[in-house]
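What follows is one structure encoded as structure tokens, with my remarks underneath.
What follows is calculated from the coordinates using simple rules that are stated; it is not laboratory data. Quick caveat, the model's predicted, so the values are computed rather than measured. Note that we place each Cβ from the backbone using ideal geometry, even for glycine, and neighbour counts take in every protein chain shown.
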Amino acid sequence: MKLSVVVITLNEEHNIRRCLASVRSIADDIVVVDSGSTDRTCGLAIENGARVIYHKFEGHIEQKNYAKEQAMYEWVLSLDADEALDEKLQENILLWKTTTPLSEGYKMDRLTNFCGKWIRHGGWYPDSKLRLWNRHKGEWTGMNPHDKFELYAAVEPGKLVGNILHYSYYTTEQHLQQTIYFADIAAKAAHKHGLKSRWWRILFSPLAKFLKMYVLKAGWMDGYFGWLIAQRAAYGTWLKYTKLRELGRSKTD
């Protein structure tokens, strides 16, 4: 069976080689959809066997739906540039390619590296993702920046053993800036969908987020980084609802 791998990028020269190297043995077609990188991302992608296509970025969901339509083959594996397949997952995808698919899509676990530490608690693992699918059987949905792939039919996806290795943040400052960036995108997306923020959401949602990640999901077992991740998630939640409230007020002024 033939398989296309699709990746969206913007200034990912520090990640793209690792990502593409991990799919070289399983991919029959590699597509990188770039939204205007000013570093070496595109050149490195071409050097590593990818077709590079430029497309203006209009949102994570929109970009990924565009990318899947550029795939040469029916079956597609979608990765972010800061992700890579571990050896076990590569082996199981190769094995899957020799069989007849029993589902329209397949999930796989994702293990995240945060500032050099693999995070296994706080809700960050196994973090199962639907990333291998028949591109005619579903599409990317959700609310930016939190995209997810959904199959059109109400069928249970299959599961492939192994991990997507997610190299998320190299510094805590990078994590903080991304938290602020994502909160801004999420607030604007929620406002666009007509959602509103109430005072009690601003007050209680951040606390609930922290307790869920740090206590209920055992984030404390990841030590300092487990605490920091839960704290930043709470801050991002507070920021999202605060920005959403400001957007709502500006609309009525």
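At a Cα cut-off below 20 Å, give the lysines reachable from Lys97, other chains included and same-chain residues fewer than 8 away excluded.
List returned: Lys2, Lys68, Lys88, Lys107, Lys129, Lys137, Lys159.
With r defined as the distance between the Cβ atoms of Lys117 and Lys88 and R0 fixed at 22 Å, what FRET efficiency is calculated, to the nearest 0.05? Don't skip to the answer; put the middle values down first.
On the way: r = 21 Å, r/R0 = 0.93.
Plugging the Cβ-Cβ distance into 1/(1 + (r/R0)^6) gives 0.60.
Determine the shape class of region 124-253: with a ≥ b ≥ c the square roots of the Cα gyration tensor eigenvalues, call it rounded for a/c under 1.5, and otherwise prolate if a/b is greater than b/c, oblate otherwise. Walk me through the numbers before you get to the answer.
On the way: a/c = 2.04, a/b = 1.20, b/c = 1.71.
Here region 124-253 falls in the oblate category.
Can you put Asp80, Asp184 in order of Cβ neighbours within 10 angstrom, beginning with the fewest?
Lowest count first: Asp184, Asp80.
Given the DSSP H assignment, sum -39500 (n - 2.57) over each helix run of at least 4 residues in the chain and divide by its residue total; what's the result at 222 nm in deg cm²/dmol, nearest 500? Mind showing how you got there, number by number?
Values: 7 runs with 97 residues, N = 253.
It comes out at -12500 deg cm²/dmol, rounded to the nearest 500.
Cut-off under 23 Å on the C-alpha distance; same-chain residues fewer than 8 positions from Lys240 excluded. Which lysines are left, in chain and number order?
Answer for Lys240, where 23 Å is the Cα cut-off: Lys148, Lys188, Lys192, Lys196, Lys209, Lys212, Lys217, Lys251, listed by chain and number.
So how do Ile53, Ile16, Ile202 line up by other beta-carbon neighbours within 10 Å, fewest first?
Details: Ile53 14, Ile16 27, Ile202 17.
Ordered by Cβ neighbours within 10 Å, fewest first: Ile53, Ile202, Ile16.
Which loop-located chymotrypsin sites (Phe, Trp or Tyr not before Pro) does region 1-85 contain, where loop means any DSSP state but H, G, I, E or B and the Cβ has at most 16 other Cβ atoms within 10 Å?
Numbers: sites: Tyr54, Phe57, Tyr66, Tyr73, Trp75; in loops: Phe57, Tyr73.
Sparse-neighbourhood loop chymotrypsin sites (Phe, Trp or Tyr not before Pro): Phe57, Tyr73.
Can you give me the Cα centroid spacing of region 30-104 and region 108-186 in angstrom?
15 Å
Let me make sure I get this right: for region 56-151, a, b and c are the square roots of the gyration tensor eigenvalues over alpha carbons, sorted descending. Under 1.5 in a/c it's rounded, otherwise prolate if a/b > b/c, else oblate. Which is it?
oblate
Determine the sum of side-chain charges near Trp118: Lys and Arg each +1, Asp and Glu each -1, restricted to other residues whose C-beta is under 13 angstrom from that of Trp118. Write down the numbers at each step before the final one.
Working: positive: Arg110, Lys117, Arg120; negative: Asp86, Asp109, Asp127, Asp222.
Local net charge: -1.
Given H placed 1.01 Å from N in the peptide plane, which residues other than close sequence neighbours of Thr112 have an amide H under 5 Å from its amide H?
Ile119, His166
Quick one: order Tyr170, Tyr106, Tyr152 by neighbouring beta-carbon count within 10 Å, fewest to most. Walk me through the numbers before you get to the answer.
Values: Tyr170 15, Tyr106 21, Tyr152 10.
If I rank by nearby Cβ atoms, fewest first, I get Tyr152, Tyr170, Tyr106.
Considering only DSSP beta bridges with both partners in region 3-169, what is the antiparallel share in %, to the nearest 5?
Working: 19 of 43 bridges.
In region 3-169, DSSP labels about 45 percent of beta bridges as antiparallel.
What is the helix-to-structure angle for 199-211, meaning the angle in degrees between its Cα long axis and the longest Cα principal axis of the chain, kept from 0 to 90 and rounded to the nearest 10?
50 degrees
Full-extension gain between Arg51 and Lys137, please, as 0.36 nm times their residue separation minus the C-alpha to C-alpha distance.
Details: separation 86, 0.36 × 86 = 30.96 nm, distance 2.35 nm.
Extending this stretch completely gives an extra 28.6 nm.
Calculate the dipole size of the chain relative to its Cα centre from +1 charges on Lys and Arg beta carbons and -1 charges on Asp and Glu beta carbons; express the result in debye to the nearest 20. Write out the running numbers ahead of the final one.
Details: 35 positive and 29 negative charges, 212 e Å.
With only Lys, Arg, Asp and Glu charged at Cβ, the dipole is about 1020 debye.
Helix 223-252 versus the longest principal axis of the chain: what is the Cα-based angle in degrees, 0 to 90, to the nearest 10?
Rounded to the nearest ten degrees, it is 70.
Using a 7 Å offset from the Cα along the Cα-to-Cβ direction at both Tyr152 and Leu10, what is the distance between the two label points in nm, to one decimal?
The two pseudo-label positions are separated by 3.0 nm.
Calculate, in whole percent, how much of the Cα-Cα pair population of the chain lies beyond 32 Å. List each step's numbers first, then the result.
On the way: 8169 of 31878 pairs.
Above the 32 Å cut-off, the chain has 26 percent of its Cα pairs.
Between 0 and 90 degrees, rounded to the nearest ten: what's the tilt of helix 60-69 against the longest Cα principal axis of the chain?
10 degrees
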